[in-house]
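Working notes, structure below.
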Amino acid sequence: MYAETRYCNACGHEIEFRVPDGDHLPRHVCPNCGHIQYRNPKVIVGVIPENADGRVLMCRRNIEPRLGLWTFPAGFMELGETSGQGAAREAMEEAQADVEIDDLLMVINVPYVSQVYMIHRGTLRTEHYGPTFESSEVRLMREDEIPWDDIAFPTIWHSLKQFFADRRAGAYATHSLDLAYRPKPPQRAEVAGDDPLTP
C-alpha cells in the first residue's frame, strides 16, 4: 500500500522499523534523532450539491482511478482546512461550482484502503457549473437519473442512497458506515448477480 520508507524525513539518516518504547505497533524510527514517522489514514471530504429544484450535481471522472464513472465532488482533505472548506474547494475544482456547505451527512470508514470519508450536504449558490480537468462532464440529476450502475466508488453509492432516503423521510441526521470489505471485482459480480458496490 505504501512505498518503502528507508530514510528519516527529519535528518536523512537510515531508519529502523520497530515498536517504539511505550507504543504497540511497529513504526519507522530514526536511531539517530529519534524521530518517528507515523502513517495515518487519509481523510476524504465531499459534498452532494443540491439546486433549487432538488437535482444534485454529478461529475463524470476525467482521471484515474475509475475514469469515466460518476461521482459527486470529493477528494483528499488538505492541511489547514475544515471538512466543509475542503468539500467546497473540491466542488469548485471538480465542477466549477460555488457550493454552500450544509450539515454532515456521512462518516464512512474504509479500513482496507486506510481512508475516512466525511460527506456533507450542500446547496448550489448559483446555477454555474461545468467540466474541469478532473471532470469530463458535469450534470444536474434527479434521483431517477443517477447512473447507479456507473458510480465510481462504494462510498459515493452509499452516500447518495442515504441522501435520497433522508430527503424522502424529511429527517436529516449524520450517519456512519463501516465498509470493512473490499468490493468484489465487477466481472465476478456480474456472474454472481451481486452488486459490486455493496460490501
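Worth a mention:
- Count of residues meeting criterion [over 15 Å from Met58 (Cβ atoms), in a loop (DSSP other than H, G, I, E, B), over 11 Å from the mean Cα position of the chain (by Cα) and in contact (Cβ under 8 Å) with a residue 12 or more places away in the chain] in the stretch 69-114: 2
- Qualifying residue in the stretch 179-195 (condition: farther than 19 Å from Glu64 by Cβ, modelled with pLDDT of 95 or more, under 20 Å from the mean Cα position of the chain (by Cα) and in a loop (DSSP other than H, G, I, E, B)): yes
- Residue check: Cys59 meets all listed conditions (1) loosely packed, with under 12 Cβ neighbours inside 10 Å; (2) touching a Pro at 6+ places or on another chain (Cβ under 7 Å) but one, namely (1).
- Residue within the stretch 54-76 that is over 26 Å from Asp150 (Cβ atoms) and small (Gly, Ala, Ser) present: no
- Output for the stretch 126-135, where each listed residue is out of contact with any Ser or Thr (no Cβ under 9 Å at 6 or more places or on another chain) and surrounded by 12 or more Cβ atoms within 10 Å (Cβ to Cβ): Tyr129, Pro131, Thr132, Glu134
- The condition of being within 14 Å of the chain's Cα centre (by Cα) and either surrounded by 12 or more Cβ atoms within 10 Å (Cβ to Cβ) or in the same structural domain as Gly84 (by TED's automatic domain parsing) (or both) holds for only one of Ile151, Ile146, that being Ile151.
- Matching entry among Arg6, Arg66 (being touching a residue at least 12 places away in the same chain (Cβ under 8 Å) and charged (D, E, K, R)): Arg66
- Any chance Val138 is surrounded by fewer than 17 Cβ atoms within 10 Å (Cβ to Cβ), of a type in the set (A, V, I, L, M, F, W, C) and outside any loop (DSSP other than H, G, I, E, B): no
- Here Cys30 fulfils each of the conditions (1) crowded, with 19+ Cβ neighbours inside 10 Å; (2) closer than 19 Å to Asp102 by Cβ; (3) not small (Gly, Ala, Ser) apart from (2).
The values are calculated or read from the model by the stated rules, or taken from the named source; none is laboratory data. Here the structure is a predicted model, which is why all the values come from computation and not from measurement. As a convention, Cβ positions derive from the backbone with ideal geometry for all residues, glycine included, and neighbour counts pool all protein chains shown.
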